[in-house]
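Worksheet: the structure to be examined is printed underneath.
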Amino acid sequence: MDSLNDPYTLRVGVPSVEVFRRLRTEAGLSDKDPDAVALALPHTWHGVVLQHQGEPIGMGRIIGDGGTAFQIVDMCVHPAHQGRGLGRRIMAALTEELDRRAPATAYVSLIADGPARFLYEKFGFADTAEHGSIGMYRVMGENPGPA
């Protein structure tokens with residue numbers, strides 16, 4: 001699509017707390033506590049918001065320490081706009097910023113849900129298990145199990 005007729009624009013930044021929560025839930029991701037979101041968003045290393053005719057319909061963020069470790073998070077596109085290469089557009093913007101500003105030795109991770117792995121593979125991401133690692137997680141407030 002040529003840029004003159006493209007109804008989508010990508011802007012650098014993060015959405016408001018309310019828009020962040022709406023975008024996540026509309027895309028099928030878990031909701032987050034508004035106070036936690038308010039704490040998190042200002043600590044974004046780089047973020048983008050995708051808009052359709054001025055309305056936010058997608059986003060992606062990079063968080064991390066700015067030197068050795070980064071994580072791509074909150075990647076989502078509203079279901080009504082999926083299948084149009086918009087996730088690729090968000091990922092391209094995020095990885096371009098990593099290429100521009102992150103040190104060459106930085107470790108960049110993400111969690112791929114379902115078929116999203118195929119998108120991320122196009123940007124050079126690989127399954128950690130193939131490299132002798134395993135991704136792990138813990139959600140605070142859930143029972144951590146026996147010590």
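Some notes on this structure:
- Positions within segment 123-136 being under 15 Å from Ile72 (Cα atoms) and at pLDDT below 85, in sequence order: Gly135
- Arg100 vs. criteria within 25 Å of Arg21 (Cβ to Cβ) and basic (Lys, Arg): no
- Meets criteria (at pLDDT 95 or above, over 28 Å from Ala126 (Cβ atoms) and open to solvent by less than 30 Å² (accessible area, probe 1.4 Å)) for Pro15: yes
- Flag if Leu10 is open to solvent by 60 Å² or more (accessible area, probe 1.4 Å) and at pLDDT 95 or above: yes
- Of the residues making up segment 101-117, at least one is charged (D, E, K, R), at pLDDT below 95 and under 23 Å from Val139 (Cα atoms).
- For first residues located in segment 19-40 and over 10 Å from Ile57 (Cα atoms), partners that are in a helix (DSSP H, G or I) and open to solvent by 60 Å² or more (accessible area, probe 1.4 Å) and lie 6+ apart or on another chain with Cβ distances below 6 Å form the pairs Asp31/Arg21; Asp31/Thr25.
- Residue in segment 115-122 that is touching an Asp or Glu at 6+ places or on another chain (Cβ under 8 Å) and under 21 Å from Gly28 (Cα atoms) present: yes
- Within segment 113-139, residues that are without any contact (Cβ under 8 Å) to a residue 24 or more places away in the chain reach no partner that is surrounded by 12 or more Cβ atoms within 10 Å (Cβ to Cβ) with beta carbons closer than 6 Å at six or more positions or on different chains.
The values are calculated or read from the model by the stated rules, or taken from the named source; none is laboratory data. Treat the numbers as computed from the prediction; the structure is a model and nothing was measured. Cβ atoms come from the backbone with ideal geometry, glycine included; neighbour counts cover every protein chain shown. Just so you know, the surface numbers come from the protein's heavy atoms only, side chains and all, with ligands and any DNA or RNA stripped out. Shrake-Rupley method; radii C 1.70, N 1.55, O 1.52, S 1.80 Å.
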